[in-house]
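Structure, as structure tokens:
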Amino acid sequence: MPWVHFHVGNKGVVNACCVGNIPFGNINSNDFDEIWNGKSIQKLREKFMDGESDSRCKVCIQREAGGVKSIRQETFEKFPGFDVHQSKGPIYFDIRFSNICNFRCRTCWHGASSKWFKEANELGRAIGHEAILKNVEDFDVFIQKMGPYLQNAQEIYFAGGEPLVMEQHYLLLEWLIANKVKPRLRYNSNFSVMHFKQWDVLKMWEAFPEVEILASVDGEGKRGEYIRKEFIWERFSKNREALRKYPHISFKVAPTVSILNIDHLPVFYQTLINESIIQPEEFYINVLERPYYYNVKALPVARKEKITIEFNQFIEKIESQNMGEQFKAILGFMWAEDLSQHFGAFVKETQVLDRMREEKGLDFNLY
């Protein structure tokens, strides 16, 4: 990652990746060369070249220990045979322009969703005095710094906030099109919007050879709408249909696996297959690590045992061997550690949000 990847996150901080809190600099105050060839990134490169890990990479370390594929492993698969000695700059970009989002997902927070601001304020968790938190302060300055390096992009990953309601996302697509730069585009999106202001994203995607959508949907129908506030199942299904005439756009459903939906996951997966929303391999599992009170490791043993029985019964019937292995990996992750001391915090958090949103987690037997 320190040789291929450039990630801009909260407040413009350039970190090693989206889950490793290893800062290299700030895109708003540092030049590209100060970041890409600075002391912090060089120190990490040296450590990795010596075969050492870094404690701040614990998310990948824990995921791999639990049998779940990590971002580290995915990056090796994405860029096989990459020679770090020949690296001339990043080829894989992850630019989070702001926290602008139109959803209030339960597993999210104000730092990644402007829509969370009001509730975060009430809960004392807001990380600023305004709903919208800009990571890139000035798009024109950003593109002056990054333009020469974006010319070499092989992949640009957009996440949020929600990229499809971010103006800067569309400005970057316009710049790429105007400069005839055609990387693979990859999105983690709630997939609720196809038109934003004057932009038609489907039309813009026609300029790129490969686009991958990872739709952040955690459950079918009411369960999905409960977990991701403002999500509407029928709108999601309609937007999925709109993609079918674009063969260069691949589509996957990418649930965040947490206490909120793990027991529902087999039914959800089968519903997606039955309704032809995805093919059997088009299910990208993202297992939540933090906050711990949503982590499936925090489930009481009795709940884990019940889920294990249900998963094993489902795995016996599943057609895709690969997906069967992924469901087994979820079980391995769940049993890898006992975090049940956090389950009480999960119940409290659920009840607090239920009161604020006038919802009922008990409708889904969450506790």
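The figures follow:
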read-out	value
Residue check for residue 337: free of Cβ contacts under 8 Å to residues at least 40 places away in the same chain and either charged (D, E, K, R) or open to solvent by 90 Å² or more (accessible area, probe 1.4 Å) (or both)	no
Within segment 137-160, tally of residues that are farther than 27 Å from residue 107 by Cα and part of a loop (DSSP other than H, G, I, E, B)	5
Residue identified as among the aliphatic types (A, V, I, L, M), assigned to a loop (DSSP other than H, G, I, E, B) and in contact with a helix residue (DSSP H, G or I) (Cβ under 7 Å, 6 or more places away or on another chain) among 277, 315	277
Test result for residue 232, in contact with an Asp or Glu (Cβ under 8 Å, 6 or more places away or on another chain) and either under 17 Å from residue 201 (Cα atoms) or open to solvent by less than 20 Å² (accessible area, probe 1.4 Å) (or both)	no
Verdict on residue 272 being open to solvent by less than 30 Å² (accessible area, probe 1.4 Å) and out of contact with any helix residue (DSSP H, G or I) (no Cβ under 8 Å at 6 or more places or on another chain)	yes
Given (1) open to solvent by 40 Å² or more (accessible area, probe 1.4 Å); (2) out of contact with any Asp or Glu (no Cβ under 7 Å at 6 or more places or on another chain); (3) at pLDDT 90 or above, number of the condition residue 32 does not satisfy	(1)
Any hit, segment 13-30, residues being closer than 27 Å to residue 326 by Cα and aliphatic (A, V, I, L, M)	yes
Segment 77-104, subset hydroxyl-bearing (Ser, Thr, Tyr) and at pLDDT 90 or above, residue farthest from residue 149 (Cα to Cα)	98
Criterion violated by residue 48 - all others in (1) in a loop (DSSP other than H, G, I, E, B); (2) hydrophobic (A, V, I, L, M, F, W, C); (3) surrounded by fewer than 19 Cβ atoms within 10 Å (Cβ to Cβ) satisfied	(1)
All positions within segment 70-106 that are within 17 Å of residue 12 (Cα to Cα), polar (S, T, N, Q) and out of contact with any Lys or Arg (no Cβ under 7 Å at 6 or more places or on another chain)	99
Number of the exception - residue 107 against (1) modelled with pLDDT of 95 or more; (2) open to solvent by less than 20 Å² (accessible area, probe 1.4 Å); (3) touching a strand residue (DSSP E or B) at 6+ places or on another chain (Cβ under 8 Å)	(2)
Members of segment 64-86 found to be part of a helix (DSSP H, G or I) and touching a Phe, Trp or Tyr at 6+ places or on another chain (Cβ under 7 Å), listed by number	84
Cross-chain or 6+ apart pairs with Cβ under 8 Å, segment 231-258 first and over 17 Å from residue 218 (Cα atoms), then outside any strand (DSSP E or B) and open to solvent by 20 Å² or more (accessible area, probe 1.4 Å)	246/206; 248/209; 248/210; 250/210; 250/282
Answer residue from segment 119-152, given it is open to solvent by less than 10 Å² (accessible area, probe 1.4 Å) and among the aliphatic types (A, V, I, L, M) and is farthest from residue 213 (Cα to Cα) among those	120
Test result for residue 94, surrounded by 18 or more Cβ atoms within 10 Å (Cβ to Cβ) and within 21 Å of residue 29 (Cα to Cα)	yes
Segment 263-286: number of residues that are among the hydrophobic types (A, V, I, L, M, F, W, C), at pLDDT 95 or above and under 25 Å from residue 342 (Cβ atoms)	2
Segment 185-207, subset out of contact with any helix residue (DSSP H, G or I) (no Cβ under 9 Å at 6 or more places or on another chain) and in contact (Cβ under 8 Å) with a residue 24 or more places away in the chain, residue surrounded by the most Cβ atoms within 10 Å (Cβ to Cβ)	186
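The values are calculated or read from the model by the stated rules, or taken from the named source; none is laboratory data. From a predicted model like this one, the values you see are computed outputs, not experimental measurements. Using ideal geometry, Cβ is built from the backbone for each residue, glycine included, and neighbour counts are taken over all protein chains shown. Side chains included, ligands, DNA and RNA excluded: accessible areas come from the protein's heavy atoms. Shrake-Rupley method; radii C 1.70, N 1.55, O 1.52, S 1.80 Å.
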